[in-house]
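J.: Questions regarding the structure given below will be posed in turn.
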Amino acid sequence: MRSLVELAALLEKDEGMLALSYVLDTTPGALRARRDLFLTEAQEARYLEIVRRRRAGEPLQYAIGEWEFYGHVFRVDERALIPRPETEILVETVLSRDLGGKHIADIGTGTGAIALTLSLEAHPAPAMIYATDLSAAALSLARENGAQLEADAVVQWIEGDGPGALPEPVDVIVSNPPYIDPAEEPSLQPELSYEPREALYSGAPGAGGLAHYASWIGAFREKLRTPGWVFLEIGDRQAEAVSGFFRDAGYQEITVHKDYAGRDRVVAAQWMGLGRKHV
Ligand code: SAM
Ligand code: GLN
């Protein structure tokens with residue numbers, strides 16, 4: 001039987017301990033204090049399968065099959081993008097507002113990370129959360145997460161393209177759209193090739209990854225009540241362009257929020273209707 005330390009050493013850096021913490025349903029911190037622990041045969045088999053898949057190049061998250069986002073464990077696999085820590089900043093920014101009784105939309109929900117976290121963490125609770133995606137595969141995973149986390153009571157899943165898929169105007173639109181310029185693909189981590197392309201890349205190579213913002217920010221206006229709010233995750237060099245799209249479309253109170261590394265990560269804006277554009 002191999003010790004915890006020996007098993008952890010099968011993966012690089014902290015990845016072994018992290019994977020073991022999922023297999024043993026605990027945290028890496030708690031595990032470090034329990035180095036005398038031995039795995040059951042089934043646990044060791046599951047861990048060795050994670051090691052095999054990780055060494056074959058898969059992202060650690062897919063090899064494990066689950067990943068924590070905002071304190072909740074989501075099922076993750078190749079059907080949808082792995083929820084990123086930077087998206088917690090987006091969720092935190094939205095949660096800083098009173099969402100009680102509000103109708104919310106999460107456009108491009110992937111694993112359901114944003115919609116389901118808002119459903120679990122917003123107090124008082126929103127009245128309705130529409131969670132959309134173009135990808136039927138992503139939505140099937142999101143549904144599984146909703147059921148597993150028991151977080152889908154006010155969530156309605158919608159398969160469709162962009163804001164047009166929403167059945168009615170809402171108070172708050174949240175989205176982490178694809179925003180990577182496809183020209184950057186060769187210089188990115190090879191693990192990204194395991195994630196759905198349509199979750200990552202936006203627009204033509206060399207165009208800055210801005211295509212989704214360019215078409216959605218104007219279209220959101222038809223799907224917002226007044227006053228309405230939009231919160232978008234952005235790449236760290238896109239704040240100026242995305243703020244400009246909001247300005248040109250007549251939104252107000254356009255603000256940029258940074259992540260813990262000090263990089264621009266979220267743009268928020270208020271929609272008061274066209275009539276008050278110049279007030
Ligand atoms: N919201 C999830 C998160 O933050 O982890 C996933 C974000 S991922 C960057 C973008 C998501 O948008 C993907 O799930 C993708 O399938 C979806 N998507 C891409 N284009 C779309 C479109 N035109 N309409 C709806 N969803 C779209
Ligand atoms: N933040 C992700 C990455 O850099 C990209 C997610 C997105 O395109 N919305 O891998």
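The values are calculated or read from the model by the stated rules, or taken from the named source; none is laboratory data. Computed from a prediction, not measured in an experiment: that's the story for all the values here. We place every Cβ from the backbone using ideal geometry, glycine too, and count neighbours over all the protein chains shown.
J.: If I filter the range 111-148 down to residues being among the hydroxyl-bearing types (Ser, Thr, Tyr) and in a helix (DSSP H, G or I), which single residue comes out as surrounded by the fewest Cβ atoms within 10 Å (Cβ to Cβ)? It would help to see each step written out before you state the result.
T.: To start, the set of residues in the range 111-148 that are among the hydroxyl-bearing types (Ser, Thr, Tyr) comprises 111, 117, 119, 130, 132, 135, 140.
Filter once more, keeping what is in a helix (DSSP H, G or I): 117, 119, 140.
On the way: Thr117: 26, Ser119: 24, Ser140: 14.
Once the filter is applied, the top-ranked residue is Ser140.
J.: A follow-up question, please. Tally the residues that are part of a strand (DSSP E or B) and touching a helix residue (DSSP H, G or I) at 6+ places or on another chain (Cβ under 7 Å), restricting the search to the range 55-76.
T.: We begin by selecting, within the range 55-76, every residue part of a strand (DSSP E or B); these are 66-69, 72-75.
Restricting the remaining residues to those that are touching a helix residue (DSSP H, G or I) at 6+ places or on another chain (Cβ under 7 Å) gives 66-67, 69, 72, 74-75.
Of the residues in that region, 6 qualify.
J.: Here is a list: Glu195, Glu185, Glu159. Which entry is at pLDDT 95 or above and away from ligand 1 (no atom under 14 Å from the Cβ)? So that I can check it myself, show each step before the final result.
T.: Details: Glu195 fails: away from ligand 1 (no atom under 14 Å from the Cβ); Glu159 fails: away from ligand 1 (no atom under 14 Å from the Cβ).
Step by step, each of Glu195, Glu185, Glu159 is checked, and only Glu185 is at pLDDT 95 or above and away from ligand 1 (no atom under 14 Å from the Cβ).
J.: Note down all Cβ pairs under 8 Å where the first residue falls in the range 80-95 and is farther than 12 Å from Leu118 by Cα, the second is of a type in the set (Ser, Thr, Tyr) and more than 10 Å from ligand 2 (Cβ to nearest atom), and they're at least six residues apart or on different chains.
T.: Ala80/Thr111; Ala80/Ser135; Leu81/Thr111; Ile82/Tyr62; Ile82/Thr111; Pro83/Thr111; Ile89/Tyr260
J.: Tell me, which residue of the range 222-240 that is touching a helix residue (DSSP H, G or I) at 6+ places or on another chain (Cβ under 6 Å) and more than 15 Å from ligand 2 (Cβ to nearest atom) is nearest to Val172 (Cα to Cα)?
T.: The initial filter retains those residues of the range 222-240 that are touching a helix residue (DSSP H, G or I) at 6+ places or on another chain (Cβ under 6 Å), namely 223, 230-231, 233-234.
So of that shortlist, the ones also more than 15 Å from ligand 2 (Cβ to nearest atom) come out as 223, 230.
Working: Lys223: 9, Val230: 6 Å.
Of everything passing the filter in the range 222-240, Val230 is nearest to Val172 (Cα to Cα).
J.: A further question on this structure: Considering only residues of the range 165-201 that are within 12 Å of ligand 2 (Cβ to nearest atom), among the acidic types (Asp, Glu) and part of a loop (DSSP other than H, G, I, E, B), which is farthest from Ala80 (Cα to Cα)?
T.: Residue satisfying both the conditions and the ranking: Asp181.
J.: Anything in the range 185-203 that is farther than 16 Å from Ile107 by Cβ and exposed (fewer than 15 other Cβ atoms within 10 Å of the Cβ)? List them, or say none. I'd like the intermediate steps shown before the answer.
T.: Of the range 185-203, the ones farther than 16 Å from Ile107 by Cβ are 185-195, 197, 201, 203.
Of everything in the range 185-203, those that are farther than 16 Å from Ile107 by Cβ and exposed (fewer than 15 other Cβ atoms within 10 Å of the Cβ) turn out to be Glu185, Pro186, Ser187, Leu188, Gln189, Pro190, Ser193, Arg197.
J.: Which residues, taken from the range 101-116, are within 13 Å of Val91 (Cα to Cα) and more than 16 Å from ligand 2 (Cβ to nearest atom)? Please lay out each step first, then the result.
T.: To start, the set of residues in the range 101-116 that are within 13 Å of Val91 (Cα to Cα) comprises 104-106, 109, 112-116.
Within the range 101-116, Ile104, Ala105, Leu116 meet the criteria.
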